[in-house]
């Protein structure tokens, strides 16, 4: 009898993604003319210990968008909810969820600025390598991050762009302030006129909507893996 080999979580998520994607996947259009300037996205997440939180952590995330075509400069900022922290930290057993906090604003940016991104090059600047490589690969061994990455590429499938994921040092990341609840700095333009950031609202059901999908029918085993076999 041939021994049964268990697939790892990363492979299971990849197979599930293709199973869900291929039946209704649309051909990808490659535009050969009428190129537009790339949209620029900076994102950041933070996670620190917190004795007042049931999960034991305080986490936040933020994102910045700059559109060189019309000089639009917008940002969002959000403290992660207790429900989401409880889920990502495995009911408080994990004390570091910064990787997930780094991916989440990329997903949110994909939703907030999707109309600007449509059929356009988008440059994402991320200061966490695990998040960056996960975005490039479309998956991650850490199961919760894998869920977020799958959601990101679902949005990309439905409203395609041409994303590029680059590394930005933490000290050079203007989204660091929004991830901690502060507005980003003012930009200087070629005309020497300052460009002030405009805050955009985070949809109030953003975390709750995804959390209900991610947690439905999912069992978290003692070692933190998601049991997808059911």
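Throughout, read-outs are computed from the coordinates displayed, never taken from laboratory work. Model, not experiment: these values are computed from the prediction. For neighbour counting, all protein chains shown are included, and Cβ atoms are generated from backbone atoms with ideal geometry for every residue, glycine included.
Taking Cα atoms only, the orientation of helix 206-215 departs from the longest principal axis of the chain by about 20 degrees. Each of 200, 57, 168, 30 was scored by other Cβ atoms within 10 Å of its Cβ. Arranged with the fewest first, they read 30, 200, 168, 57. Considering just Cα atoms, how many Å³ per residue does the convex hull of the range 18-135 enclose? In the range 18-135, the Cα convex hull volume per residue is 134 Å³. Length gained on full extension, residue 133 to residue 164, computed as 0.36 nm times the residue gap minus the Cα-Cα distance: 10.0 nm. As a length-normalised measure over Cα pairs under 8 Å and 6 or more apart, the relative contact order of the chain settles at 24 percent. By the beta-carbon count within 10 Å of each Cβ, the least crowded to most crowded order of 6, 156, 102, 142, fewest first, is 6, 156, 142, 102.
Estimated from the Cβ-Cβ distance and a Förster radius of 35 angstrom, the FRET efficiency linking residue 216 and residue 188 is about 0.15.
Tilt of helix 9-21 relative to the longest C-alpha principal axis of the chain, in degrees (0 to 90, nearest 10)? Tilt relative to the chain: about 70 degrees. Taking 7 Å steps out from each Cα toward its Cβ at residue 198 and residue 69 produces label points 1.5 nm apart. Against the set (1) 12.6; (2) 15.4; (3) 18.6, the structure's computed mean projected area of the Cα convex hull in nm² falls on (2).
Bridges between two residues of the chain, per DSSP, are antiparallel at a rate of about 65%.
In the elastic network of the chain, a GNM with C-alpha springs shorter than 10 Å, the most mobile of 172, 45, 56 is 172. Ranking of 82, 216 by neighbouring Cβ atoms within 10 Å, starting from the fewest: 216, 82. Rounded to the nearest 10 degrees, the inclination of helix 143-158 to the longest alpha-carbon principal axis of the chain is 50 degrees. Length gained on full extension, residue 20 to residue 157, computed as 0.36 nm times the residue gap minus the Cα-Cα distance: 48.2 nm.
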